[in-house]
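Working notes, beginning with the structure itself.
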Amino acid sequence: MTPHCLICESVAVLSKENANTAVMLIGTIESVLSSMNQDSPPFAGGIRPQARHESHLVQFLELLGDGISAAIAGCSSMVAFAQDVQKYQFRRYDYLCLRCGALFNQDSSSAPHNL
Ligand SMILES: [Zn+2]
């Protein structure tokens, strides 16, 4: 069941767990994109001359693998960032309304904290 905000009734509510997942996903995407920028740009300027025999898909998968490896290597910093998001954005609450900023718990049917 999708939680609704107790103040504005919006369904744009983010749970702590989903925020953690979003942070980890953003960190992984950032690592993949950084990895792609460090190598010669196979898609911006065409196929790398030395790799013309490879398909674009193979080159993309190699770059994706490099990015995921970098993300895994930087996992501890992403975990620390995710913990800061939970600490400073959610505090002791389970949900954050992205529309009005209300913080509330699963079991609080009243008295949400609009900060
Ligand atoms: Zn709200």
| Which condition breaks for Ser10 when tested against (1) modelled with pLDDT under 90; (2) polar (S, T, N, Q); (3) assigned to a loop (DSSP other than H, G, I, E, B)? | (1)
| query | Looking at the stretch 66-97, which of its residues are polar (S, T, N, Q) and exposed (fewer than 14 other Cβ atoms within 10 Å of the Cβ)? | reply | Ser69, Ser76, Ser77, Gln83
| Residues being surrounded by fewer than 13 Cβ atoms within 10 Å (Cβ to Cβ) and modelled with pLDDT of 80 or more - total across the stretch 27-65 | 8
| task | Give the number of residues within the stretch 1-21 that are among the β-branched types (Val, Ile, Thr), within 8 Å of the ligand (Cβ to nearest atom) and over 20 Å from Val85 (Cα atoms). | result | 1
| said: Quick check on my filter: what residues within the stretch 83-110 are under 21 Å from the mean Cα position of the chain (by Cα), of a type in the set (Ser, Thr, Tyr) and within 14 Å of the ligand (Cβ to nearest atom)? | reply: Tyr93, Tyr95
| message | List the residue pairs whose Cβ atoms are under 6 Å apart, where the first residue sits in the stretch 96-107 and is on the phi < 0 side of the Ramachandran plot, the second is modelled with pLDDT of 95 or more and within 7 Å of the ligand (Cβ to nearest atom), and the two are 6 or more positions apart or on different chains. | response | Cys97/Ser10; Arg99/Cys8; Arg99/Ser10; Cys100/Cys8
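For Met24, indicate whether it is more than 16 Å from the ligand (Cβ to nearest atom), at pLDDT below 80 and within 24 Å of the chain's Cα centre (by Cα). First the steps, then the outcome.
Numbers: more than 16 Å from the ligand (Cβ to nearest atom): yes; at pLDDT below 80: no; within 24 Å of the chain's Cα centre (by Cα): yes.
The answer is no for Met24.
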| task | Note down all Cβ pairs under 8 Å where the first residue falls in the stretch 3-21 and is touching a residue at least 12 places away in the same chain (Cβ under 8 Å), the second is within 16 Å of the ligand (Cβ to nearest atom) and of a type in the set (Asp, Glu), and they're at least six residues apart or on different chains. | result | Ser15/Asp94; Lys16/Asp94
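The values are calculated or read from the model by the stated rules, or taken from the named source; none is laboratory data. Everything numeric here is computed off the predicted structure, so don't read it as measured data. Using ideal geometry, Cβ is built from the backbone for each residue, glycine included, and neighbour counts are taken over all protein chains shown.
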